[in-house]
Amino acid sequence: MIERPQERVFVTGATGVVGRAVCDGLVDRGIEVVALSRRGRSERPGVCFVQGNVSEPGPWQEALEGTSGVVHLAGEPIAASRWNGRVKKKIRSSRIEGTRNLVNALKRLSSPPQALVCASAAGFYGPRGEELLEETSLPGDDFLARLCVDWEAEAQRAQGPKTRVVSLRFGMILSLQGGALPRMLPIFRSGLGGPLGPSGRFTPWIHEEDAAGLALAALGQQSPSWQGPVNAVAPEMLRMGEWARTLGGVLGRPARLPVPEWALRLILGEAAIAVVPGQRLVPRAAEERQYVYAHPELKDALRSLLPLGS
Ligand SMILES: NC(=O)c1ccc[n+]([C@@H]2O[C@H](COP(=O)([O-])OP(=O)(O)OC[C@H]3O[C@@H](n4cnc5c(N)ncnc54)[C@H](OP(=O)(O)O)[C@@H]3O)[C@@H](O)[C@H]2O)c1
């Protein structure tokens, strides 16, 4: 929780799943929000939209002046389509060059913000089987892992005597507004759902309310302060088999038909790694800061999004 109201916070990716919830949370706390969007529309009360693309330097960088915090969430969707050279380049450049443009602008400010809270992903660790992964664990070595390493390194350049940098390593974010869940629902509702890939693989997840809640907490000034990487996942870490059964149970449908990994690879190619992650994350940093989850358990998280009869 933010203990001291901050004057103005700059949010990138403000039209996305987490961005919308972060903007709402800031507005609720009486904080002025300046939001960057390529569309530049003002579609949320209390939010001032600035048109621009974080991937390209531009006049939007001037809107960072006078902000006391920055939440950076913008980036090309990761698992929306098969990865080819062009898609990978967009995924990478929107995050690496985007974060570089943002940090370059922060470094030019006479009064830099107190915190830069930047998205990253559980994919930082790569597939790791049974290993318990805390924030100090080593990264993986696939495309997604290398992307996260470089993304976090770009954000880290903003760290200084006046600015803390926090990288939120999000698991699969549960929302009806975007991400994986809306794409899984039709098949699970038809009774043809089941584990995606091997049912024994751990599947890190987090409810959208907690994804935004962690971003807001990381902006604040509580002690110990938030700094460095944070495993932004719910404490209940389930294997894919239990995960699929829980979703089926909430929908009142069987969920016994597995989608083999080869089929996911056929549809998504290399991007299948983002769907069947296989990471057993421990949210140690959030626990140490006594973050109180709104939805620590999957069944309750899914029920909050999919009330009975929905
Ligand atoms: N959702 C998940 O399950 C998940 C899991 C792990 C990590 N993450 C990361 O967490 C961050 C926030 O996730 P989210 O689900 O809220 O994202 P999202 O809904 O996909 O929204 C991201 C926003 O980024 C902007 N954007 C998209 N493509 C862009 C591009 N090529 N260049 C510049 N800006 C672009 C868009 O805003 P405008 O169109 O308004 O410019 C969009 O609303 C993302 O960086 C994502 O990779 C998400």
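Of the residues making up the stretch 53-79, those that are buried (at least 19 other Cβ atoms within 10 Å of the Cβ) and of a type in the set (D, E, K, R) number 0.
Taking the conditions exactly as written (within 20 Å of Asp142 (Cβ to Cβ) and modelled with pLDDT under 95), does Pro258 satisfy them or not? When the stated conditions are applied, Pro258 does not pass them.
Selection of the stretch 117-148 for residues being of a type in the set (A, V, I, L, M) and closer than 21 Å to Ile206 by Cα yields Val117, Ala119, Ala121, Ala122, Leu132, Leu133, Leu144, Ala145, Leu147. Condition check for Val54 on (1) within 12 Å of the ligand (Cβ to nearest atom); (2) farther than 19 Å from Leu219 by Cβ; (3) at pLDDT 95 or above; (4) in a loop (DSSP other than H, G, I, E, B): one failure, at (2).
For Gly46, are the conditions met, namely being away from the ligand (no atom under 14 Å from the Cβ), open to solvent by 30 Å² or more (accessible area, probe 1.4 Å), in contact with a helix residue (DSSP H, G or I) (Cβ under 7 Å, 6 or more places away or on another chain) and farther than 28 Å from Val149 by Cα? It is true that Gly46 is away from the ligand (no atom under 14 Å from the Cβ), open to solvent by 30 Å² or more (accessible area, probe 1.4 Å), in contact with a helix residue (DSSP H, G or I) (Cβ under 7 Å, 6 or more places away or on another chain) and farther than 28 Å from Val149 by Cα. One residue stands out among those in the stretch 1-13 that are at pLDDT 95 or above and among the hydrophobic types (A, V, I, L, M, F, W, C): the one that is nearest to the ligand (Cβ to nearest atom), which is Val11.
Of all positions in the stretch 67-74, none carries a residue that is assigned to a loop (DSSP other than H, G, I, E, B), near the ligand (Cβ under 8 Å from one of its atoms) and at pLDDT below 95.
Since Asp150 meets every condition but one in (1) farther than 18 Å from Val11 by Cα; (2) touching a residue at least 60 places away in the same chain (Cβ under 8 Å), which condition does it not meet? Condition (2) is where Asp150 drops out. Within the stretch 116-133, identify whether any single residue is among the hydroxyl-bearing types (Ser, Thr, Tyr), open to solvent by less than 20 Å² (accessible area, probe 1.4 Å) and within 26 Å of Met172 (Cβ to Cβ), and answer yes or no. Among the residues of the stretch 116-133, at least one is among the hydroxyl-bearing types (Ser, Thr, Tyr), open to solvent by less than 20 Å² (accessible area, probe 1.4 Å) and within 26 Å of Met172 (Cβ to Cβ), which makes the answer yes.
Conditions (1) open to solvent by 60 Å² or more (accessible area, probe 1.4 Å); (2) touching a Gly at 6+ places or on another chain (Cβ under 8 Å); (3) away from the ligand (no atom under 13 Å from the Cβ); (4) aromatic (Phe, Trp, Tyr), marked per residue:
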| site | (1), (2), (3), (4) |
| --- | --- |
| Lys88 | no, no, no, no |
| Leu106 | no, no, yes, no |
| Thr136 | yes, no, yes, no |
| Leu144 | no, yes, no, no |
| Ala153 | no, no, yes, no |
| Ser175 | no, no, no, no |
| Pro198 | no, yes, yes, no |
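May I ask you to verify whether Arg39 is of a type in the set (Lys, Arg), open to solvent by 30 Å² or more (accessible area, probe 1.4 Å) and more than 10 Å from the ligand (Cβ to nearest atom)? Before you say what the answer is, go through the steps one by one.
On the way: of a type in the set (Lys, Arg): yes; open to solvent by 30 Å² or more (accessible area, probe 1.4 Å): yes; more than 10 Å from the ligand (Cβ to nearest atom): no.
No.
When residues in the stretch 200-233 are screened for being part of a loop (DSSP other than H, G, I, E, B), under 15 Å from Phe170 (Cα atoms) and open to solvent by 10 Å² or more (accessible area, probe 1.4 Å), 0 of them pass.
The values are calculated or read from the model by the stated rules, or taken from the named source; none is laboratory data. The shown structure was predicted, so the numbers you read here are calculated from the model rather than taken from an experiment. FYI the Cβ positions are ideal-geometry reconstructions off the backbone, even for glycines, and counts take in every protein chain you see. Calculation scope for accessible area: heavy atoms of the full protein, side chains included, ligands and nucleic acids excluded. Shrake-Rupley method; radii C 1.70, N 1.55, O 1.52, S 1.80 Å.
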